[in-house]
Amino acid sequence: MQFHIMTLFPDMVKTGLCTSIIGRAQRDGILQVDTWNIRDYTLEKHGHVDDYPYGGGAGMLMQADPILRCYRAISARCSQAPRVIYTTPQGMLFTQSAAKALAKEDVLVILCGHYEGVDERALSLLNAECYSIGDYVLTGGELPAMVMADAISRMVPGVLKNRESGEEESFEGDLLEYPQYTRPDCYEGLLVPPVLLSGDHGKVNAWRREQSLRRTLLRRPDLLRTAELGKQDLEFLSRLGYSPETAEDG
Ligand code: ADE
């Protein structure tokens, strides 16, 4: 899969995505991450890529023209016009299921916003899909672009090696993951739950399921509304005081 990231800070993005698993996948040829400096595509002689908003208001906006020129340079390298993602706090919430769906693309372009945003016409002309990584405002779209590229990449077959993929992940089946422990079995007086040392896989699985349910109820009760819950799950949750009819958001 190829990512083309349009940004004013290409070094930041390159550095953020060249290490660990995403770096390895690039070296293995499974992923390609190209950064494009939008400033290289301005025709202004001082290299400006931003201007004041029409109608007044605080801050500066990124102009449409350098963005469009940059996109056309990317597109010229692709067999068809690639899908464009724009990172903005005004976007749809980026979720694990969005990551999975986007991982099916061969090529994705991510436009990183800066200043107070971008000229709306750039977004219309690029048919950009707007995504937010959460309800807070960052200084720019580079970190969200890296977050999205990371989450999407790990859904691309071959990026994670067997031992990294974890069949049961946070958000798989809409429940949070159960707590995990490794050696030693006693650390600073804290013991590993004995069931995990029992060798009884049935009991281990039942304990893990209950821990997932308990943790989800405590930390993200909103997820329980859409989670796949069996009769036993609901019985366990009701013992913890949860009832689907009166469930509230987290
Ligand atoms: N740019 C600034 N804040 C952002 C956020 N929360 N998500 C996506 N892009 C952003």
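The values are calculated or read from the model by the stated rules, or taken from the named source; none is laboratory data. These numbers were taken from a predicted model, which means no experiment stands behind them. Don't worry about glycine lacking a Cβ; one is built from the backbone with ideal geometry, like all the others, and counts go over all protein chains shown. For accessibility, only protein heavy atoms count, side chains too; no ligands or nucleic acids. Shrake-Rupley method; radii C 1.70, N 1.55, O 1.52, S 1.80 Å.
Brief remarks on what is shown
- Some residue of region 89-96 being touching a strand residue (DSSP E or B) at 6+ places or on another chain (Cβ under 7 Å) and over 22 Å from GLY117 (Cβ atoms): no
- Of the residues making up region 119-145, those that are of a type in the set (A, V, I, L, M) and within 11 Å of the ligand (Cβ to nearest atom) are ILE133, VAL137, LEU138, LEU143, ALA145.
- All positions within region 205-233 that are more than 11 Å from LEU176 (Cβ to Cβ) and of a type in the set (Gly, Ala, Ser): ALA206, GLY230
- Residue ranges of helices (runs of 4 or more DSSP H) in region 132-250 with at least 2 members of a type outside the set (D, E, K, R) and open to solvent by less than 60 Å² (accessible area, probe 1.4 Å): 142-153, 201-219, 231-239
- Which listed residue is touching a helix residue (DSSP H, G or I) at 6+ places or on another chain (Cβ under 7 Å) and modelled with pLDDT of 95 or more, from LEU143, LEU190, LEU176: LEU176
- Residue count for region 1-57 under the criterion of being part of a strand (DSSP E or B) and without any contact (Cβ under 8 Å) to a residue 24 or more places away in the chain: the result is 1.
- Region 108-129, residues that are within 26 Å of GLY158 (Cβ to Cβ) and open to solvent by less than 30 Å² (accessible area, probe 1.4 Å): LEU108, VAL109, ILE110
- Tally, over region 97-131, of residues that are polar (S, T, N, Q), modelled with pLDDT of 95 or more and part of a helix (DSSP H, G or I): 1
- Restricting ILE74, ILE85 to those that are more than 16 Å from the ligand (Cβ to nearest atom) and open to solvent by less than 70 Å² (accessible area, probe 1.4 Å) reduces the list to ILE74.
- LYS14 modelled with pLDDT under 95, out of contact with any helix residue (DSSP H, G or I) (no Cβ under 7 Å at 6 or more places or on another chain) and not hydrophobic (A, V, I, L, M, F, W, C): no
- Residue in region 103-112 that is small (Gly, Ala, Ser) and in contact (Cβ under 8 Å) with a residue 60 or more places away in the chain present: yes
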